[in-house]
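Worksheet for the structure shown next.
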Amino acid sequence: MQTDGAIGPSTLSLKDLPWQILWDKERCTLCGRCTAVCPVGAIELKVFRKRAVNVDVDFSKPGKRGGNVFGTFYGIHQRTSPAFACVGCAMCTLACPNDCIGPVAADEADKLRFHINQGGQAERRGGRRNDPGGILDRIQFTRISMLTDPALDAGRHEFELTTLLGRIYPPEKNMEMLRENGWIPPVREIYPLIIGGMSFGALSPTMWEGLQLGVTYLNEELGMPVRISTGEGGCPPRLLRSRFLRYVILQIASGYFGWDEIIHAIPEMKVDPCAIEIKYGQGAKPGDGGLLMWHKVNKLIAAIRGVPEGVSLPSPPTHQTKYSIEEAVAKMIQSMYMAWGFRVPVYPKISGTSTALSVLNNLSRNPYAAGLAIDGEDGGTGAAYNVSMNHMGHPIASCLRDCYRNLVSLGQQNEIPLFAGGGIGKSGNLAANAAALIMLGASGIQVGKIVMQAAAGCLGSETKRCNICNIGRCPKGITSQDPRLYRRLDPEDVAGRLVDMFVSFDTELRKIVAPLGRSTSLPIGMSDALGINDKDAADRLDIRYVV
Amino acid sequence: MCRLIAITSDTPVSPMAAVRALDVMREGHDGSGVGLMLRDLGGPFEEMKDAPILSGIFTEAGIRKLDSFMINLGFLTKYKISIKIPKQTPPGIPRRDMYLIRAYEYPEDWEDLSGAEKTARLLRVRLDLREMGRSENDMIVFSFWPDTIMIKEIGDPLAVGKYLGLDNERLHARVIMGQGRQNTNYAIDLYACHPFFIEGYSTMTNGENTAFVPIREYLEGRGEPGYTGFFSDSEVFVHILHYMHTHLGLGLPAYKHLITPLQESDMEAHPDGEFLYHLKRTCRKLIIDGPNCVIGVLPDNTMFMAQDRKKLRPGVVGGKPGMYVFSSEVCGLDYLLPDRNKQYDLEPMHLDTAIVVPDRREVTLCRQTEPLDLPH
């Protein structure tokens, strides 16, 4: 450091950053691909100084001998300003033809975290909670069929693993309604793994297209009734008017983005959507509204959402038009039913919270509520305040379990399906996590981040890697609205990978339920199959304690 | 794997016949227990078809508790069969004070009760007695129902049968269900011993119901006091049967549609497809899983056999007009009816329910793909 250089409180060195770039001068050809690809401008071409000591051993010549020879060389420099700190995405490594550059995680907690709030702006980011592991990974399936009930053959036996989305009357009432031609709530038979709400806007057009393509292939070629939620961002007009809408769950949230377009499309819809999801909360930022930052609000997004270009779109935390949450739920559910002639199931989605039981009790007395989706604290997002993402919310396992046990005590466990989301498969154990939650009482599972990872190669991990979905510079083009970035993603490749993911999930799910002796129905609430090596967790979840 | 035998016959048969048939099939049970249900009784009970019969095992203290309880309710003993217990107890059979089979006169104030009220009260009495005996284990009550006797005991079926003198003519019955147990529960408990009984419905099963816990939880929420106990994963079969008849008003052919519903492609082709869609959805929590052969008897003494969705268990029905036998193994059937025409033996498959109605003229095979006789 130069003696006259300015040192401010936020002057950081490379050591203070969470990621350090290692660059190998010997192998670098200075092609510049790494600096071009870096989404945050963390690296740049720089002229470095170098000094060589020239020792002249020829004493025969008079005059000055030897000395310093100052020169320069070109290389890659990592910037240390908080605004340009490396996010560890390693796109530089991906782009480098000579394998000479890459980020390395710091060997101690970074200092950047104390300076990221420049200008008083609290840290906002996309991604995940960055908290690896979790209770779901620790749950084992311990009730293996042996001797008395031979295990089933996951490869050869028939399996029926679909689930129901929709309000289901008690058998007696349903039969009465059937006899009297009364109204019976619409119910959809769907695949238990649902692609959760990732909006058009949060995701790039190519990513969205790829997911829709994949879902359509799964339905129409493989016979798997997979459904996808739109998230809060509306739905492209052509999709609204296509027969593929039946695979789509339209989400309405407190910003009502895109709903003008949707409402106007209703008379022209060829088919009904699968369901309507009313978002009251999400796991990534519980109690806070959605957030699409201005970077991503381009012409297309603005048109679909019905907003001006280039402005941030924070949804309010609650549905502002309603007087109270109870009325919001009841009235919105009813309005949505009316919009589609009572033919489409409508259900709320809430953040995991210790008040979930109150919501559920409310729904249990509302004959229109088609289910309840609960998004646990590990839910991911395109954009949120760091503090919301890391510290707000309720773990999904116990929240879901409490709700299911409550339905059991009411005798309504078949009437209101519960859907669980938030961090499922975050360690890669998608089928095991999903099956554990189903056996704790979930009728289905909502996933988002793992879809981005598996289907589109999202670089995010649980160790603070990348997490820049919010600013529209996703280096893989998954959450970007910049054509230069999202063209990196081929929708057909995304679709292909999505299909791979679902097909392998299906195999794994069968590999879990078959040894448990289950095949004729999804083992919802089969808690006797579960065990965990933590006594307190076992007691809390009402499952077997095993060591 | 347990062994099952069920006999339905125009002329009363000794329960020992069923026990001997179980003995023929003894490879499949381990002496952990035998259960018998006798209905449509011959002998002295022929004359008292309406009198509720209490069956159970009691200690001396338990009998005193029972007597004072029943007298308080106004029940008077009408008839009883005393089982003389030999001094020497064979190995493997626990020593008991008394095996009770006792018919009662209804209390006077029950006379004007409706049928439903009467059955509800009989159930209540049985549950109360069961509860009273729980702490001291001095009263084990199997059934309290007209024209029904249940005998259950731990031990080898043949040894138990001889020990209790089940050849007794007074125990002859036209409908007999028997199970030789292969214990698959964690502990041997008499209440886990099949057949299971509730308000005239009974079932016994040869298998393992892997969907037990969600089914149990659902049944417990139906508001029926009789849906209790659940010492065995197979107990839910009788409750589902009871629920189907009493709550949903559906006939026996619908039973398979509850426990192992059709898949979508079959349902689309079914004439009652829409009804079955709704039934499957609303009764989703009653879908069984795992290998199971279910044999059951309805209050009118109709006998049936149904298999799990994959037909993972054996089961055969054979006989001739006047007498039919439902057996888990062909050798059991051969033992009881060696001279039947074996060509007419039926092994119900994954969609079938084999039914013999009380006139015992034929076995009807009801397939799930056939139309249902639905109430309009």
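Some points to look at:
- Hey, A:Ser443 surrounded by 21 or more Cβ atoms within 10 Å (Cβ to Cβ) and under 21 Å from A:Gly233 (Cα atoms) or not: no
- The lone exception for A:Lys25 - which of (1) out of contact with any strand residue (DSSP E or B) (no Cβ under 7 Å at 6 or more places or on another chain); (2) in a loop (DSSP other than H, G, I, E, B); (3) in the same structural domain as A:Asp110 (by TED's automatic domain parsing); (4) open to solvent by 80 Å² or more (accessible area, probe 1.4 Å) it fails: (1)
- Hey, A:Pro186 in a loop (DSSP other than H, G, I, E, B), within 14 Å of another protein chain (Cβ to nearest Cβ) and either within 17 Å of the chain's Cα centre (by Cα) or closer than 25 Å to A:Thr507 by Cα (or both) or not: no
- Flag for A:Phe200 being in the same structural domain as A:Leu372 (by TED's automatic domain parsing), under 25 Å from A:Thr479 (Cβ atoms) and not aliphatic (A, V, I, L, M): yes
- Extreme residue, modelled with the lowest pLDDT, among residues of region A:352-382 that are within 18 Å of A:Lys426 (Cα to Cα) and open to solvent by less than 10 Å² (accessible area, probe 1.4 Å): A:Gly379
- With respect to (1) open to solvent by less than 20 Å² (accessible area, probe 1.4 Å); (2) in a helix (DSSP H, G or I); (3) not assigned by TED's automatic domain parsing to the domain that holds A:Pro192, the lone exception for A:Phe505 is condition (3).
- Test: residue in region A:58-79 that is more than 29 Å from the chain's Cα centre (by Cα), closer than 26 Å to A:Arg124 by Cβ and surrounded by 11 or more Cβ atoms within 10 Å (Cβ to Cβ): yes
- Residue check, A:Leu45 touching a Phe, Trp or Tyr at 6+ places or on another chain (Cβ under 8 Å), surrounded by 11 or more Cβ atoms within 10 Å (Cβ to Cβ) and within 25 Å of A:Lys111 (Cα to Cα): yes
- Just one of the numbered conditions (1) over 15 Å from the mean Cα position of the chain (by Cα); (2) open to solvent by less than 10 Å² (accessible area, probe 1.4 Å) is not true of A:Ile471: (2).
- Region B:335-352, subset of a type in the set (A, V, I, L, M) and out of contact with any Gly (no Cβ under 8 Å at 6 or more places or on another chain), residue surrounded by the fewest Cβ atoms within 10 Å (Cβ to Cβ): B:Met349
One line per residue, one yes/no per condition, for (1) in contact with a strand residue (DSSP E or B) (Cβ under 8 Å, 6 or more places away or on another chain); (2) assigned by TED's automatic domain parsing to the domain that holds B:Ala120; (3) more than 30 Å from B:Trp110 (Cα to Cα); (4) surrounded by 14 or more Cβ atoms within 10 Å (Cβ to Cβ):
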site	(1), (2), (3), (4)
B:Ser9	yes, no, yes, yes
B:Ala17	yes, no, yes, yes
B:Gly62	yes, yes, no, yes
B:Gln88	no, yes, yes, no
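- Taken together, the criteria exclude A:Ala202 from residues that are within 14 Å of chain B (Cβ to nearest Cβ), open to solvent by less than 40 Å² (accessible area, probe 1.4 Å) and not polar (S, T, N, Q).
- Complete set of residues in region A:471-502 that are of a type in the set (Gly, Ala, Ser) and part of a helix (DSSP H, G or I): A:Ala495, A:Gly496
- Number of residues in region B:203-239 that are assigned to a helix (DSSP H, G or I) and either within 11 Å of chain A (Cβ to nearest Cβ) or over 21 Å from B:Arg130 (Cβ atoms) (or both) equals 9.
- Looking across region A:278-289, the residues that are open to solvent by less than 10 Å² (accessible area, probe 1.4 Å) and over 18 Å from A:Glu261 (Cα atoms) come down to A:Gly281, A:Gly283, A:Ala284, A:Lys285, A:Gly289.
- Residue within region B:129-144 that is buried (at least 17 other Cβ atoms within 10 Å of the Cβ), modelled with pLDDT of 95 or more and among the charged types (D, E, K, R) present: no
- Residue satisfying all of: in region A:135-176; facing another protein chain (nearest Cβ under 10 Å), assigned to a helix (DSSP H, G or I) and touching a Ser or Thr at 6+ places or on another chain (Cβ under 7 Å); surrounded by the most Cβ atoms within 10 Å (Cβ to Cβ) among these: A:Pro171
- Every pair of residues 6+ apart whose Cβ atoms lie under 7 Å, when the first sits in region B:171-182 and is within 14 Å of chain A (Cβ to nearest Cβ) and more than 9 Å from B:Leu41 (Cβ to Cβ) while the second is of a type in the set (Val, Ile, Thr) and crowded, with 24+ Cβ neighbours inside 10 Å: B:Arg181/B:Val34
- Single residue of region A:235-266 satisfying the filter (in a loop (DSSP other than H, G, I, E, B) and either open to solvent by less than 50 Å² (accessible area, probe 1.4 Å) or hydrophobic (A, V, I, L, M, F, W, C) (or both)) that is farthest from A:Leu203 (Cα to Cα): A:Ser242
- Boolean, B:Ala120 is open to solvent by 10 Å² or more (accessible area, probe 1.4 Å), small (Gly, Ala, Ser) and in the same structural domain as B:Tyr79 (by TED's automatic domain parsing): yes
Each row is one residue, and each column tells you yes or no for (1) among the charged types (D, E, K, R); (2) in contact (Cβ under 8 Å) with a residue 60 or more places away in the chain; (3) more than 8 Å from every other protein chain (Cβ to nearest Cβ).
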position: B:Lys256; (1), (2), (3): yes, yes, yes
position: B:Thr260; (1), (2), (3): no, yes, no
position: B:Asp266; (1), (2), (3): yes, yes, yes
position: B:His270; (1), (2), (3): no, yes, yes
position: B:Val297; (1), (2), (3): no, yes, yes
position: B:Phe304; (1), (2), (3): no, no, yes
position: B:Lys311; (1), (2), (3): yes, no, yes
position: B:Gly318; (1), (2), (3): no, no, yes
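- Output for region B:33-49, where each listed residue is touching an Asp or Glu at 6+ places or on another chain (Cβ under 8 Å), open to solvent by 10 Å² or more (accessible area, probe 1.4 Å) and not in a strand (DSSP E or B): B:Gly43, B:Lys49
- Scope region A:290-303; condition surrounded by 21 or more Cβ atoms within 10 Å (Cβ to Cβ) and aliphatic (A, V, I, L, M); matching residues: A:Leu291, A:Leu292, A:Val297, A:Ile301
- Condition met for A:Ser461 (polar (S, T, N, Q), open to solvent by less than 40 Å² (accessible area, probe 1.4 Å) and either within 13 Å of A:Leu203 (Cα to Cα) or not assigned by TED's automatic domain parsing to the domain that holds A:Gly371 (or both)): yes
- In region A:211-234, the qualifying residues are those that are farther than 20 Å from A:Phe159 by Cβ and open to solvent by 10 Å² or more (accessible area, probe 1.4 Å), and the one that is farthest from the chain's Cα centre (by Cα) is A:Glu220.
- Considering region B:258-334, there are no qualifying strands (runs of 3 or more DSSP E) wholly inside with 2 or more residues that are surrounded by fewer than 18 Cβ atoms within 10 Å (Cβ to Cβ).
The values are calculated or read from the model by the stated rules, or taken from the named source; none is laboratory data. Worth saying up front: this structure is predicted, and the values here are computed from it rather than measured. All Cβ positions, glycine included, derive from the backbone under ideal geometry; neighbour counts span all protein chains shown. Remember, those area values only see protein heavy atoms, side chains included, never the ligands or the DNA or RNA. Shrake-Rupley method; radii C 1.70, N 1.55, O 1.52, S 1.80 Å.
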